[in-house]
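Student: Okay, handing you the structure first.
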Amino acid sequence: MNLYVLMKRTFDTEEKIFISDGSIQEDGAEFIINPYDEYAIEEAIKIRDAHGGEVTVMTVGTDEAQKQLRTALAMGADKAVLINIEEEIGEGDAFTTARVLTEYLKNKKADLILAGNVTIDGGSGQVGPRVAESLGIVCVSTITKIEINGREVLITRDVEGDTERVKTTLPLLVTCQQGLNDPRYPSLPGIMKAKKKPLEECGLDDLQLEEGDAAPKTKTVEVFMPPQKTAGRILQGELAGQVSELAALLRSEAHVI
Amino acid sequence: MPKKIMAVGEIREGQLRRVSFETIAAAKAAAEGGEVVGVLIGKEAGALAEEMIQYGADRVRTAEDEKLGYYTSDGFASAMMAAVEQEQPDGIFFGHTALGKDLAPKIAAQLDAGLVSDVTALEVRGGEVVFTRPIYAGKAFQKVTVPEGLLLAAIRPNNIEPCTRDRTRSGDVSPLSFPVKDIRVVIEEVIRKSAGSVDLSEAKVIVAGGRGVKSAEGFRPLQELADVMGGAVGASRGACDAGYCDYSLQIGQTGKVVTPDLYIACGISGAIQHLAGMSNSKVIVAVNKDPDAEIFKVADYGIVGDLFQVVPMLTEELKKIKAVSP
């Protein structure tokens, strides 16, 4: 089975966000593999172990993303691809990322492509479905279980709390939801092996794309912090009295009940 | 410049979801006096189209093929593409729901267009639509424009106020005619966990539990409080990881980002990853035994105490209030 995983390097969920000169301050921040992409990597490794084949983890990013690609290799992926478009395009959008990934994948005959269902930074959730559409293959989003029998695929997916069981066939792209699996930690031998696994780097030229082909369609004009929530009132006194006071405040002051 | 914007409605259990009206309101703002064309796909589309008009759509195109009874991306995309071809809009607005998250990027890819997802506000500045959307799960926000081409956006539920319903408004409702393309995904079964209950993303009131709830059973008083208020139950990552509840209830940077009118956090310490998912709620109440819990720093009202005492008392108190003035 020819498996591909679409991955993104993101801020750690524990990081606070700071803005300077109109953009998010990255200095000193910890970076991780986007948590939903970790589910995708884990599932790809499991499927490979059960059905044979090869797992390639891909990302569109800068050289710094090599670290997260190496982590994926240490988890058990076989190969990694870093597409670096920093110089020509800089900050792209979901269209850019999907366009570039599609171009790389179009002749690769992938059987299954796995992606996270959303990133925890940009949060657009567009790249997976866009890539599937551009490759002309089916996309099943927010999956929590996948079984493959030959070319037939049975999937359980989460739809805002409802559970849907669907049947489709390979080739296919899925986006992964929490609950799909428990991603493994890289083992020490895994980390050693990862250093020798192939990590291919390519750019727009290698994909025979012009700048204009992948230029972003959307433009960020401002980044700002939400108004700081300030601590409100801690109610005092006997518990029963606090509860009545709370109910009264919610009605007369906050107007929410 | 006046624009023609399509607003995609959404049917759930035979009714229009509220986000449909919020999407219409957003489309109306972006259209700058142009036309808002509703698009409604699904079994009861024809019957529900009128309501889209009463909430501000100028006319509605419907698609009711029996293959469209349940959402599939292929089925709904073929209806959408027919609507786009026949209407030639300047923009398309979706709800940022499970359906919209699946459908909008697919349509954007087919049209080679930009798409602004998860929009919480919009304004028109000098003829250009400027969208506001959260990044890092609401730890920050960005303003985004689409300088050229089609204007595609997906509107987060609960953030844009719908237009007031005007039952006297009327407009044209016309079915789309098109062949439904091959549907490549067969739906075998749908298990509705949330039957009759309120969806987290659209809930006006959320009662959320953390590790302090201690067990799956411990969520029962929270559910009772949510029921009294017509709200939904959510959870922190801690509670989900501990197996007290399903991951579909998780609120936070991983999980759902919610902005209800009232968020009641019970036994939640307030880890930064949870705060990201809920701190933009309009009013926050925290109940926690630990007076130093981080959650109190974002709460409008706090009670330091045992949730198993406080929550049932609050439920009774609210029942009394509702009985007097519902």
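Student: Relative contact order of chain B: what whole-number percent is it, with Cα pairs under 8 angstrom and at least 6 residues apart?
Tutor: 14
Student: Another question, if that's okay. Using a Förster distance of 51 Å, how high is the FRET efficiency between B:Ala121 and A:Lys196, based on the Cβ-Cβ distance and rounded to 0.05?
Tutor: Working: r = 50 Å, r/R0 = 0.98.
After rounding, the FRET efficiency stands at 0.55.
Student: Divide, for chain B, the radius of gyration over alpha carbons by 2.2 N^0.38 Å, where N is the residue count. Can you show the working numbers first?
Tutor: Values: Rg = 21.1 Å, N = 326, 2.2 N^0.38 = 19.8 Å.
Cα-based Rg divided by the globular estimate yields 1.06.
Student: Could you tell me the calculated FRET efficiency between A:Ala240 and A:Glu30, based on Cβ-Cβ distance and R0 = 45 angstrom, to the nearest 0.05?
Tutor: After rounding to 0.05, the efficiency reads 0.50.
Student: Kindly write out, for region B:133-139 in residue order, the coupling ³J(HN,Hα) from the Karplus curve 6.51 cos²θ - 1.76 cosθ + 1.60 (θ = phi - 60°), rounded to whole Hz, with x marking Gly and Pro.
Tutor: 8, x, 10, 6, 6, x, 5
Student: Now, a different point. Summed for both chains, how many Å² of accessible area, to the nearest 100, are buried between B and A with a 1.4 Å probe?
Tutor: Buried: approximately 6900 Å² between A and B.
Student: Which value in nm describes the separation of the simple spin-label points at B:Ala242 and B:Thr164, placed 7 Å from the Cα toward the beta carbon?
Tutor: 4.7
Student: Based on the mean of other Cβ atoms within 10 Å per residue, sort peptides B:59-67, B:122-130 so the most packed one is first.
Tutor: B:59-67, B:122-130
Student: Separate question: If you keep only loop residues by DSSP, which chymotrypsin sites (Phe, Trp or Tyr not before Pro) in region B:34-83 have at most 14 other Cβ atoms within 10 Å of their Cβ?
Tutor: Working: sites: B:Tyr55, B:Tyr70, B:Tyr71, B:Phe76; in loops: B:Tyr55, B:Tyr70, B:Tyr71.
Answer in residue order: B:Tyr70.
Student: Tally up the carbon and sulfur contribution to the accessible surface of region A:38-162 as a whole percent, 1.4 Å probe, everything protein left in place.
Tutor: Whole-percent figure for carbon plus sulfur exposure: 42.
Student: Expected output is a single nm value to one decimal: the length gained when fully extending between A:Glu54 and A:His255, i.e. 0.36 nm times separation in residues minus the C-alpha distance. What is it?
Tutor: Result for the pair: 66.6 nm of gain on full extension.
Student: For the protein assembly as shown, what does the equivalent ellipsoid look like in terms of its semi-axes, each the square root of 5 times an eigenvalue of the Cα gyration tensor, given largest first in whole Å?
Tutor: Numbers: eigenvalues 265, 193, 108 Å².
Value: 36, 31, 23 Å, ordered largest first.
Student: Turning to a different aspect of this structure: Can you give me the pair-distance distribution of region A:2-213, C-alpha pairs, 5 Å bins, whole percents?
Tutor: 1, 7, 15, 20, 21, 17, 11, 6, 2, 0, 0
Student: Hey, another quick one. Would you list the P(r) distribution for region B:212-326, with all Cα-Cα distances sorted into 5 Å bins from 0 and each bin expressed as a whole %?
Tutor: All Cα pairs considered, the percentages come to 2, 12, 22, 26, 23, 10, 3, 1, 0.
Student: In nm, to one decimal, how far is the B:Ala216 label point from the B:Asp182 one, both placed 7 Å along Cα→Cβ?
Tutor: With each label point 7 Å from Cα toward Cβ, the separation is 4.2 nm.
Student: So, one more: A:Glu64 to A:Lys167: FRET efficiency via 1/(1 + (r/R0)^6), r the Cβ-Cβ distance, R0 51 Å, to the nearest 0.05?
Tutor: Efficiency at R0 = 51 Å is approximately 0.80.
Student: Given region B:100-146, report the % of alpha carbon pairs whose separation exceeds 12 Å.
Tutor: For region B:100-146, the share of Cα pairs beyond 12 Å comes to 65 percent.
Student: According to a simple spin-label model (label point 7 Å from Cα along Cα-to-Cβ), what is the distance in nm between A:Asp213 and A:Ser20?
Tutor: Output for this residue pair reads 3.8 nm.
Student: Given a 10 angstrom Cα cut-off, can you work out which residue in A:Thr163, A:Thr175, A:Thr142 is the most mobile in a GNM of chain A?
Tutor: A:Thr163
Student: Going by average Cβ density within 10 Å per residue, which order do the peptides B:301-309, B:268-276 take, highest to lowest?
Tutor: B:268-276, B:301-309
Student: Now a separate question. Dividing the convex hull volume of the alpha carbon atoms of region B:90-178 by its residue count, what do you get in Å³ per residue?
Tutor: Hull volume normalised by residue count: 154 Å³.
Student: Near the amide H of A:Val81, under 5 Å away, which other amide H atoms are found, from residues 5 or more places off or on another chain, if H is placed in the peptide plane?
Tutor: Under 5 Å from the amide H of A:Val81: A:Val57, A:Met58, A:Thr59, A:Glu200.
Student: Here's a follow-up. Calculate I(q)/I(0) for region B:15-149 by the Debye formula, one identical point scatterer on each C-alpha and no solvent, and give its log10 at q = 0.09, 0.17, 0.22 Å⁻¹ to two decimals.
Tutor: These q points yield log10 I(q)/I(0) values of -0.26, -0.97, -1.60.
Student: Right, next: List the residues, sorted by chain then number, that are 5 or more residues from A:Ile19 or on another chain and whose placed amide H is less than 5 Å from its amide H.
Tutor: A:Gln25
Student: Given only helices, namely DSSP H runs of n ≥ 4 each adding -39500 (n - 2.57), what is the per-residue ellipticity at 222 nm of the protein assembly as shown, to the nearest 500 deg cm²/dmol?
Tutor: After summing the helix terms and dividing by residue count, I get -8500 deg cm²/dmol.
Student: Only loop residues by DSSP count here, and only those with at most 16 other Cβ atoms within 10 Å; note down the trypsin sites (Lys or Arg not before Pro) in region B:231-326 that meet that.
Tutor: For trypsin sites (Lys or Arg not before Pro) across region B:231-326 that sit outside H, G, I, E and B with at most 16 neighbouring Cβ atoms in 10 Å, the list reads B:Lys282, B:Lys289.
Student: Sequence-distant or interchain residues sharing an amide H contact under 5 Å with B:Val283, placed H: which?
Tutor: Here B:Leu262, B:Tyr263 satisfy the definition.
The values are calculated or read from the model by the stated rules, or taken from the named source; none is laboratory data. Worth saying up front: this structure is predicted, and the values here are computed from it rather than measured. Cβ: placed from backbone, ideal geometry, glycine included. Neighbour counts: every protein chain shown. These accessible areas exclude ligands, DNA and RNA; they are computed on the full protein's heavy atoms, side chains included. Shrake-Rupley method; radii C 1.70, N 1.55, O 1.52, S 1.80 Å.
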